[in-house]
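Taken together, the values in this text are just the output of simple stated rules run on the coordinates, not laboratory data. Note that the structure is a prediction, hence the values are computed from the model and not measured.
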Amino acid sequence: MTPLVADPATVGSRPPRTPGARAVNRSAIRRNVRRRWQLYLLIMVPLAYFVVFKYVPMANAVIAFKDYSVVRGIWGSEWVGLEHFQAFFDNPVFWNLVRNTFLLSGYFLIASFPIPIILALALNEIRQGVFRRTVQMATYAPYFISTVVVISMTILILSPRIGLVDNVIGFFGVSSIDFLGDADYFRHIYVWTDIWQTAGYSAVIYMAALAGIDQSLYEAAKVDGASRLQKIIHVDLPGIMPTVVIVLILGVGNIMAIGFEKAFLLQNPLNLAQSEIIATYVYKTGLLNADFSLATAVGLFNSVINLLLLVAVNAVAKRVTGSSLW
């Protein structure tokens, strides 16, 4: 009996899709839409939001390569290529802007990343419900305070002569310090006020990940005589590690997209040496000076750097931990 030998040309290949099969697939899609139309209707609103406010404006990035004129419009303006990018790179403030942005973003990422994880792990170990809910509320509530209000509170607390901090250090004989007028204090004020405002909210995602850990792992650790610290190290941390990696990737991918509002509100002529970042420079160039082409070029440069960082960190995380965005 002659053994059956597969044709190498057909190994791994799929049968051709006939018109009839495509018609069946379209019919199945229509039936699925009719059966679950509520879900498709629900997703249309966020989908429309992203299309209108995220994807459509991407076409206007062509302003970065044109000498934009309000009279001529976006598509009627003269094409100048990379002229605006070259002007930004040749600007004496270029390296200072990049340096300030990287240092502020890196400081914020390093300082703010572990604190929500520690907070979530600590809350997960609290057994008393009332105390746990109280701590959650106290750490979560500042997130809902407006940035303007937070900055106003910060200015009042750190104000020289009348601020709370100045009164406290004055009690110990320390002379008055103008925190907001000293550029060396700007990054510390920005980062730690932001951590106070967002740590509780950021901890929620880790608490959700902790809630999804198999309870049998805790029971097995208890049987083995593991202490609380050992359970955190060997059960909790591995259980939330995929979430930690994803949040870290997104954080590094946004390292150049540091918040504009808080930096601008804390900014003054005395701390400008460290408070002037790319976001505030784009605002002043684009809106105050009406140089829309240069501002768009700077913003596009910023976005490209973020994209490269996101892809690089995602590749490293996938190779090292096996977890990634894609």
At 1.567 mPa s and 4 °C, Stokes D of the chain from Kirkwood alpha-carbon radius, µm² per second: 52
J(HN,Hα) series, the range 271-288, from Karplus relation 6.51 cos²θ - 1.76 cosθ + 1.60, nearest Hz, glycine and proline x: 10, 4, 4, 10, 8, 7, 10, 4, 5, 5, 5, 5, 4, 5, 6, x, 8, 6
Within a Gaussian network of the chain (alpha carbon springs, distance under 10 Å), most fluctuating of 48, 263, 220: 48
Potential lengthening between residue 52 and residue 39 on full extension [0.36 nm per residue; Cα-Cα distance subtracted]: 2.6 nm
Set of lysines near residue 54 by C-alpha distance (under 28 Å), chain-local residues within fewer than 8 positions excluded: 66, 262, 284, 318
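Counting only helical runs of four or more DSSP H residues, what would the 222 nm mean residue ellipticity of the chain come to if each run contributes -39,500 (n - 2.57) and the total is spread over all its residues?
Value at 222 nm, helices only, nearest 500: -19500 deg cm²/dmol.
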Under 5 Å, built H, 5+ apart or other chain: amide partners of residue 80: 66, 67
Reachable aspartates and glutamates from residue 231, criterion Cα separation under 14 angstrom, eight or more residues apart if same chain: 125, 214, 219
Residue among 216, 293, 159 with the largest mean-square fluctuation in a Gaussian network model of the chain, springs linking Cα atoms under 10 Å: 216
Cut-off under 5 Å, modelled amide H: who pairs with residue 159 long-range: 164
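Need the full-extension length gain, residue 146 to residue 250, defined as separation in residues times 0.36 nm minus the C-alpha distance. One decimal, nm. Spell out each step's value before the answer.
Details: separation 104, 0.36 × 104 = 37.44 nm, distance 2.35 nm.
Gain in length upon complete extension: 35.1 nm.
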